[in-house]
Amino acid sequence: MPADRRAVLKGLAAGAAVAAVGASGTADARVRKTAPADAVGMLYDSSLCIGCKACVVACREANDKPPDTRLSGGLWDMPDDLNGQTKNVIKLYEDPGSAERSYVKAQCMHCVDPACVGACMIGALQKREHGIVTYDPFYCSGCRYCQMACPFEIPKFEWSKLAPKIVKCELCNHRIAKGQIPGCCEVCPRHAVIYGKRDELLAEAKRRIAENPRKYKGYRKGDPPRVYGETEGGGTQVFYLSHVPFEKLGLPDLSAEPVPEVAQTVQHGIYQGAVAPVALYAVLGAVILRNRKKEKEAGRKGGSTPGGEA
Ligand code: SF4
Ligand code: SF4
Ligand code: SF4
């Protein structure tokens, strides 16, 4: 048996064992997770962003993703949202009834306790060094549970490819490993998005609020100013400051409870025995191996079609 296949099956067996323990009730207590001491992240301040989209272009270059020209009839890069070839997007919020407007950047939030990692039973999504949530396409079965789990609707799927994979920001971990900073942070002419250690970014965000409390807003109109991501969904490693309420920017209203904790409660209610999760792992294992085979066949036939979708 090839070594890579052995590794997948070994992982599945380990996962099934974990599921069995969880379902039997001996591993019920789930410790609330905190960010690692060396956690890094980004701080995006919408009040500084001018919507130039240099960060979108830099993200493509850093991640070898082609421009999304579908909306412009093939003329220029114009993604309307994150998709199978876009890991970072800038959107415009505008209230026609007032002068209120703002740009907002979207990419993976690198949650402290990521729902996508919890949902990925094969381990294709993992929280790794510096707390960065990474994705390994080799292990991906294409089940898309991560898409369903993520409260920020970040993971996207390459629908138009023969062997589709998940696409999401990995905080340019390949650049960080070389001592560089994320592409989007490197090019932003306004420093609207900056990279750094999580605790330092949080302190910087709070400093800006303290310096200018009337400029920044909370989740809803009238709420006191705050840093989005400090607690939402158990906390994230990407923070937002905004001069319009966060709800207007489409950011979800999340409690401080991590999504995986909520999911675990539901799972325990559903699976009173270990049978269902073990059967699920077996099915997913078969799907992985089938997809690997299809991928090889697609490679022999000359690859995949261009483009991608949510
Ligand atoms: S934002 Fe979504 S994809 Fe990113 S780490 Fe959190 S749960 Fe995972
Ligand atoms: S960190 Fe890298 S992958 Fe993530 S949005 Fe910025 S440029 Fe794109
Ligand atoms: S490069 Fe900076 S200013 Fe330009 S759209 Fe991106 S975050 Fe905003």
*Any residue in segment 167-188 that's under 17 Å from Arg60 (Cβ atoms) and more than 6 Å from ligand 2 (Cβ to nearest atom): show its pairings with residues that are in a loop (DSSP other than H, G, I, E, B) and of a type in the set (Asp, Glu) at Cβ separation under 7 Å, as long as the two are six or more apart or on different chains.*
Val167/Glu158
*asked:* With touching a Lys or Arg at 6+ places or on another chain (Cβ under 6 Å) and of a type outside the set (Asp, Glu) as the only criterion, which of Pro213, Pro155, Pro164 stands out?
replied: Pro155
*Give just the number: which of (1) open to solvent by 50 Å² or more (accessible area, probe 1.4 Å); (2) within 19 Å of Ala106 (Cα to Cα); (3) assigned to a strand (DSSP E or B); (4) within 16 Å of ligand 1 (Cβ to nearest atom) does Thr134 not satisfy?*
(1)
*Hey, does segment 39-59 have a residue that's under 30 Å from Pro260 (Cβ atoms), of a type in the set (D, E, K, R), at pLDDT 95 or above and open to solvent by less than 50 Å² (accessible area, probe 1.4 Å)?*
yes
*Members of segment 78-94 found to be surrounded by 18 or more Cβ atoms within 10 Å (Cβ to Cβ) and part of a loop (DSSP other than H, G, I, E, B), listed by number*: Pro79, Leu82, Gly84, Gln85, Lys87, Asn88
_Within segment 84-135, take every residue that is within 16 Å of ligand 3 (Cβ to nearest atom) and of a type in the set (Phe, Trp, Tyr) and give me the one that is farthest from the chain's Cα centre (by Cα)._
Tyr93
_The lone exception for Met109 - which of (1) within 16 Å of ligand 2 (Cβ to nearest atom); (2) more than 20 Å from Arg32 (Cβ to Cβ); (3) in a loop (DSSP other than H, G, I, E, B) it fails_ = (2)
*asked:* among the basic types (Lys, Arg), closer than 25 Å to Lys65 by Cα and open to solvent by 60 Å² or more (accessible area, probe 1.4 Å): is that true of Arg220 in this structure?
replied: no
*Could you please tell me which pairs satisfy a Cβ distance under 8 Å, a separation of 6+ or placement on different chains, a first residue in segment 114-140 that is charged (D, E, K, R), and a second residue that is near ligand 1 (Cβ under 10 Å from one of its atoms) and in a helix (DSSP H, G or I)?*
Lys127/Val117
_Lone qualifier among Gly118, Gly97 - being away from ligand 2 (no atom under 16 Å from the Cβ) and open to solvent by 60 Å² or more (accessible area, probe 1.4 Å)_ = Gly97
*Unique residue being touching a Gly at 6+ places or on another chain (Cβ under 8 Å) and either more than 16 Å from Cys108 (Cβ to Cβ) or of a type in the set (Phe, Trp, Tyr) (or both) when the list is Leu71, Leu92*: Leu92
*Output the residues belonging to segment 91-131 that are within 14 Å of ligand 1 (Cβ to nearest atom) and farther than 21 Å from Pro252 by Cβ.*
Gly123, Ala124, Gln126, Arg128, His130
*For segment 143-182, what are the residues that are assigned to a loop (DSSP other than H, G, I, E, B), modelled with pLDDT of 95 or more and among the small types (Gly, Ala, Ser)?*
Ala177, Gly179
_Given (1) assigned to a loop (DSSP other than H, G, I, E, B); (2) more than 8 Å from ligand 2 (Cβ to nearest atom), index of the condition Ile194 fails_ = (1)
*Hey, could you check segment 51-77 for residues that are among the aliphatic types (A, V, I, L, M) and assigned to a helix (DSSP H, G or I) and say which is nearest to Glu247 (Cα to Cα)?*
Val56
*If you check every pair at least six apart or on different chains, which have Cβ atoms under 6 Å apart with a residue in segment 41-65 that is more than 12 Å from Val104 (Cβ to Cβ) first and a residue that is within 12 Å of ligand 2 (Cβ to nearest atom) and among the hydroxyl-bearing types (Ser, Thr, Tyr) second?*
Met42/Tyr195
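The values are calculated or read from the model by the stated rules, or taken from the named source; none is laboratory data. Predicted model, so just to flag it, every value in this text is computed and none were measured. Cβ coordinates were reconstructed from backbone atoms using ideal geometry, including for glycine residues, and neighbour counts include every protein chain displayed. The area values use the complete protein model at the heavy-atom level, side chains included, leaving out ligands, DNA and RNA. Shrake-Rupley method; radii C 1.70, N 1.55, O 1.52, S 1.80 Å.
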